[in-house]
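Participant: The structure follows.
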Amino acid sequence: MHTDPAAVRKSVRLYVTIGVSLLVFTAITVMANRLHFVVPIAITVAIIIACIKGSMVASVFMHLSHEKKWIYGALLLTIVFFIFLMCIPLFTIMDTIGTPVRATPIEHAGH
Amino acid sequence: MNIPYTVEERPDTGLANGKLGIWLFLASEVMLFGALFSTYIILRVGATEWPHGELNIPLGAINTVILISSSVTMVMAWASLKMNEWGKHRLYLLATFVLAAVFLVNKYFEYSAHFATGEGPWHSTFLAIYFTMTGLHGLHILGGMIVMAYFLGPGAKLWKTNPDQFANRIEYTGLYWHFVDLVWIFLFPVLYLL
């Protein structure tokens with residue numbers, strides 16, 4: 001992170017540029033919604049734009065593009081657990097509790 | 001008692017204690033909101049139908065613009081301190097506070113419109129998760145406003161006695177505020193558009 005006044009002064013223009021870019025991406029998100037894509041494409045487009053915006057905020061406004069390794073370490077650990085958290089819905093799909101594993105064999109009417 | 005490493009960096013971490021502290025707090029916040037996003041996915045995937053067009057998209061978009069603008073003013077408030085421009089810092093911090101207040105006023109109108117038609121969190125699964133996520137986010141906005149009000153008021157005295165420590169405090173407030181903005185960047189498309 002920049003701490004000397006000259007470096008901070010240089011960053012000011014970048015902050016404004018990023019702010020304007022974020023507003024443009026917001027407009028794109030709203031306009032893309034009006035195109036009425038099919039749901040999987042709409043979700044993909046919206047999430048990709050949100051990820052781009054989020055990475056801009058994190059890297060520039062939160063100065064993550066040049067931070068100390070302790071912060072990267074803490075965030076890496078968070079990302080691992082966050083991914084696990086996002087995968088929990090998959091376990092509900094795989095959940096078979098209450099569902100018979102095998103259908104009971106039908107007894108032949110022969111006997 | 002003098003608390004160590006409020007300004008100078010610890011030799012082992014290379015960071016002031018407050019900086020590492022706020023990042024660990026934000027890590028816990030990621031998990032808090034992550035749990036709610038995960039819940040949203042479970043509810044949405046399991047639902048036979050999901051409502052569309054129930055929320056006011058223009059108002060949501062305006063709130064997105066407001067929060068992004070507040071993030072810019074917040075980072076400018078910190079940059080002004082680093083450039084030793086106290087007057088500009090006050091102006092930018094005040095602008096951030098006002099933008100946060102406008103965000104909450106818009107949210108109030110949005111909530112009021114829902115409650116006026118009897119569409120509270122009890123109305124549907126979608127509205128239950130909408131009120132939970134945006135309500136928690138709104139509380140974070142309120143928390144940020146309280147901190148900003150402190151630095152606009154009594155907390156500002158620290159600038160005269162220890163400007164570096166004050167600048168660090170504004171930086172930590174900014175990190176929290178950008179995180180709140182970051183959460184809204186994902187909340188807006190997920191709840192309003194999809």
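No value in this document is a laboratory result; all are computed from the given coordinates. Here the structure is a predicted model, which is why all the values come from computation and not from measurement. In this analysis, Cβ positions are derived from the backbone assuming ideal geometry, glycine residues included, and neighbour counts consider all displayed protein chains.
Participant: Does the range A:73-84 contain any residue that is in contact (Cβ under 8 Å) with a residue 40 or more places away in the chain and either under 25 Å from B:GLY21 (Cα atoms) or at the interface with chain B (Cβ under 9 Å from one of its Cβ atoms) (or both)?
Facilitator: No, there is no match, as no residue in the range A:73-84 is in contact (Cβ under 8 Å) with a residue 40 or more places away in the chain and either under 25 Å from B:GLY21 (Cα atoms) or at the interface with chain B (Cβ under 9 Å from one of its Cβ atoms) (or both).
Participant: Quick check: anything in the range A:54-65 surrounded by 18 or more Cβ atoms within 10 Å (Cβ to Cβ) and not in a helix (DSSP H, G or I)?
Facilitator: Yes, some residue in the range A:54-65 is surrounded by 18 or more Cβ atoms within 10 Å (Cβ to Cβ) and not in a helix (DSSP H, G or I).
Participant: With a cut-off of at least 2 residues that are under 22 Å from A:ALA58 (Cβ atoms) and not aliphatic (A, V, I, L, M), name the helices (runs of 4 or more DSSP H) lying wholly within the range B:85-194.
Facilitator: Output list reads B:86-116, B:125-152, B:163-187.
Participant: If you check every pair at least six apart or on different chains, which have Cβ atoms under 8 Å apart with a residue in the range B:23-42 that is over 23 Å from A:LEU64 (Cα atoms) and facing chain A (nearest Cβ under 7 Å) first and a residue that is of a type in the set (Ser, Thr, Tyr) and assigned to a helix (DSSP H, G or I) second?
Facilitator: Close Cβ pairs satisfying both conditions: B:ILE42/A:THR92.
Participant: Restricting to the range A:12-33, count the residues that are at the interface with chain B (Cβ under 9 Å from one of its Cβ atoms), without any contact (Cβ under 8 Å) to a residue 12 or more places away in the chain and not β-branched (Val, Ile, Thr).
Facilitator: The total comes to 3.
Participant: With respect to B:TRP86, is the statement that it is touching a Gly at 6+ places or on another chain (Cβ under 6 Å), under 30 Å from A:ARG9 (Cβ atoms) and aromatic (Phe, Trp, Tyr) true?
Facilitator: It is false that B:TRP86 is touching a Gly at 6+ places or on another chain (Cβ under 6 Å), under 30 Å from A:ARG9 (Cβ atoms) and aromatic (Phe, Trp, Tyr).
Participant: Oh, and also: Please determine, by comparing only the residues of the range B:89-138 that are β-branched (Val, Ile, Thr) and free of Cβ contacts under 8 Å to residues at least 60 places away in the same chain, which one is farthest from A:VAL8 (Cα to Cα).
Facilitator: Ranking the qualifying residues of the range B:89-138, first place goes to B:THR117.
Participant: Going by the conditions given, is A:VAL45 more than 8 Å from chain B (Cβ to nearest Cβ) and touching a Phe, Trp or Tyr at 6+ places or on another chain (Cβ under 8 Å)?
Facilitator: Yes, satisfied.
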